[in-house]
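Inspection log for the structure reproduced underneath, given as structure tokens.
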Amino acid sequence: ELSPFVARLAEGLADDADIKMRCHAMLVALSALPAGQPVLTGALDTLLEPLRKTLIAQLKDNAVPQQVERHDDLVRSAMRAVRALERLPEAETVPKLGELVRNTLKAGRLADKYAAVCAEEEAKPADGE
């Protein structure tokens with residue numbers, strides 16, 4: 001049963017940066033499994049808000065270079081997770097996902113980074129090698 005696991009993933013998406021990144025990776029992996037796809041599609045409303053918060057988070061002006069790099073890694077990780085969710089069957093039926101992609105990722109300050117993440121993914125071989 002994957003539903004309880006996905007519920008815990010949603011909680012992890014609101015945790016600290018290291019936990020978030022692990023949860024992003026698990027979302028990407030789960031989205032590639034046929035058994036995981038319907039469960040994730042059904043849980044999109046729960047998963048999207050913590051992802052959105054990660055994507056729109058801003059660093060303070062006095063952040064050191066390590067913090068900036070770590071934050072950029074976290075945002076790219078969240079983008080990869082959203083991209084995986086966006087590719088789920090039936091994902092287009094979830095208005096919140098379309099809104100997140102349109103308003104947060106394809107417009108504004110994140111548009112170039114998201115385009116790069118999408119291009120990266122398209123360049124990968126289909127078998128994941």
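Gln37 meets each of the listed conditions (1) out of contact with any helix residue (DSSP H, G or I) (no Cβ under 7 Å at 6 or more places or on another chain); (2) open to solvent by less than 80 Å² (accessible area, probe 1.4 Å) apart from (1).
In the set Ala91, Ala57, Ala32, only one residue is under 18 Å from Lys113 (Cβ atoms) and small (Gly, Ala, Ser); that residue is Ala57.
Determine if the stretch 84-93 includes at least one residue that is of a type in the set (Val, Ile, Thr), modelled with pLDDT under 95 and in a helix (DSSP H, G or I).
Going residue by residue through the stretch 84-93, those that are of a type in the set (Val, Ile, Thr) are 93.
Filter once more, so that each one left must be modelled with pLDDT under 95: 93.
Now restrict to residues that are in a helix (DSSP H, G or I): 93.
Yes, that holds for at least one residue.
For the condition of a type in the set (A, V, I, L, M), over 16 Å from Thr41 (Cα atoms) and surrounded by 11 or more Cβ atoms within 10 Å (Cβ to Cβ), what is the one hit in Ala107, Ala81, Ala119, Ala91? Checking each option against the conditions leaves just Ala107.
Could you check the stretch 16-31 and list, in sequence order, the residues that are surrounded by 13 or more Cβ atoms within 10 Å (Cβ to Cβ) and of a type outside the set (Ser, Thr, Tyr)?
Our first condition is that a residue be surrounded by 13 or more Cβ atoms within 10 Å (Cβ to Cβ); within the stretch 16-31, this holds for 17, 19-28, 30-31.
Once the filter is applied, which keeps residues that are surrounded by 13 or more Cβ atoms within 10 Å (Cβ to Cβ) and of a type outside the set (Ser, Thr, Tyr), the stretch 16-31 yields Ala17, Ile19, Lys20, Met21, Arg22, Cys23, His24, Ala25, Met26, Leu27, Val28, Leu30.
Filtered by the rule that a residue be open to solvent by 100 Å² or more (accessible area, probe 1.4 Å), closer than 27 Å to Pro95 by Cα and in a helix (DSSP H, G or I), the stretch 48-71 gives a lone residue, Lys53.
The values are calculated or read from the model by the stated rules, or taken from the named source; none is laboratory data. Every value quoted in this text rests on a predicted model; they were computed, and no experiment measured them. No Cβ is skipped: glycine too gets one built from the backbone with ideal geometry, and neighbour counts run over all protein chains shown. Calculation scope for accessible area: heavy atoms of the full protein, side chains included, ligands and nucleic acids excluded. Shrake-Rupley method; radii C 1.70, N 1.55, O 1.52, S 1.80 Å.
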